[in-house]
Amino acid sequence: YVVAFWMHRARERWDLILIVIMFGFLVQVLRQMDWSNLSEVMKLYLTGDQRPTFGFATNRFGLFCAFLFLACVLLPQQVWGSAAAGIAYSSRIVFWGVMCCFTVWGVIFSQSRSAWVASVLVIPLAVVVKFYRANRLNWKKIGLVGVFSSLVLMTIAYSNLAEKRFALLDYEGGVSIRLRLYQIGWEKLKEAPWVGHGPGTSRILIQATGE
């Protein structure tokens, strides 16, 4: 509540806050990067044998990247600032470009299905709505987003990440395990719909199924 109140009172600083959030995220990644073994780690990321986290939970890293990429797409002017700023304006554009490239890379190679689905459903729609509400369809920018999206899809297809992550037929895969957990949760909810089974009992209830 305090943060929301302060941001409401400091609306003129929202641009700076957005840049600070992006910069902080990038610094966290650079701090957690395994620089001593960078080439080998990058090969593992590209082949999908390892998922980048950089100190975050795996899916959370992908969702953070998707959120920041959406901010880059919808708020470029806020990141760029004014052209009258000279070198600061050019530096902000370079920083924006770096964030765009890195966050897209993060969305793809995080292998987070939730981040993939959210990006595919939300970002293109958000771009169209943004231009529509501005009463002008900038076809150059829409085309640029389309080309960029095509490159993203080609990258996913080339790296076989989508095939690995959406392999629903493998019952031991992450998706099937989650579906089974949802099924167990629903069954336990029906057993005690009003009072539940008590806090901290999820692990015990799952272990009791013998699976």
Query raised in the report: Just to be sure, is residue 101 open to solvent by less than 70 Å² (accessible area, probe 1.4 Å), modelled with pLDDT of 80 or more and either within 26 Å of residue 129 (Cα to Cα) or assigned to a helix (DSSP H, G or I) (or both)?
Result: no
Report task. Out of 90, 112, 39, report the one residue that is touching a Phe, Trp or Tyr at 6+ places or on another chain (Cβ under 8 Å) and among the hydroxyl-bearing types (Ser, Thr, Tyr). Result -> 112
Query - Residues of segment 77-95 satisfying the condition of being assigned to a loop (DSSP other than H, G, I, E, B) and open to solvent by 60 Å² or more (accessible area, probe 1.4 Å) - result: 82
**Report entry** Close pairs from segment 82-98: first small (Gly, Ala, Ser), partner at pLDDT below 80, Cβ under 8 Å, at least 6 apart
**Finding:** 88/81
Query - Whichever residue in segment 55-66 is buried (at least 18 other Cβ atoms within 10 Å of the Cβ) and either touching a His at 6+ places or on another chain (Cβ under 8 Å) or not aliphatic (A, V, I, L, M) (or both) and, among such residues, is farthest from residue 99 (Cα to Cα) - result: 56
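Each row is one residue, and each column tells you yes or no for (1) at pLDDT below 70; (2) within 24 Å of the chain's Cα centre (by Cα); (3) surrounded by 10 or more Cβ atoms within 10 Å (Cβ to Cβ); (4) in a helix (DSSP H, G or I).
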site: 111; (1), (2), (3), (4): no, yes, yes, no
site: 135; (1), (2), (3), (4): yes, no, no, no
site: 154; (1), (2), (3), (4): yes, yes, yes, yes
site: 188; (1), (2), (3), (4): no, no, yes, yes
site: 194; (1), (2), (3), (4): no, no, no, no
Report task. With the condition kept exactly as written, say whether any residue in segment 7-19 is at pLDDT below 80, open to solvent by 40 Å² or more (accessible area, probe 1.4 Å) and over 28 Å from residue 128 (Cα atoms). Result -> yes
Requested in this report: Could you check residue 52 against (1) at pLDDT below 80; (2) open to solvent by less than 60 Å² (accessible area, probe 1.4 Å) and say which number it fails?
Outcome: (1)
Query - Condition check for residue 58: of a type in the set (S, T, N, Q) and over 26 Å from residue 124 (Cβ atoms) - result: no
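The values are calculated or read from the model by the stated rules, or taken from the named source; none is laboratory data. All values reported here derive from a predicted model rather than from experimental measurement. Note that we place each Cβ from the backbone using ideal geometry, even for glycine, and neighbour counts take in every protein chain shown. Surface areas here come from the heavy atoms of the whole protein model, side chains and all, with no ligands, DNA or RNA. Shrake-Rupley method; radii C 1.70, N 1.55, O 1.52, S 1.80 Å.
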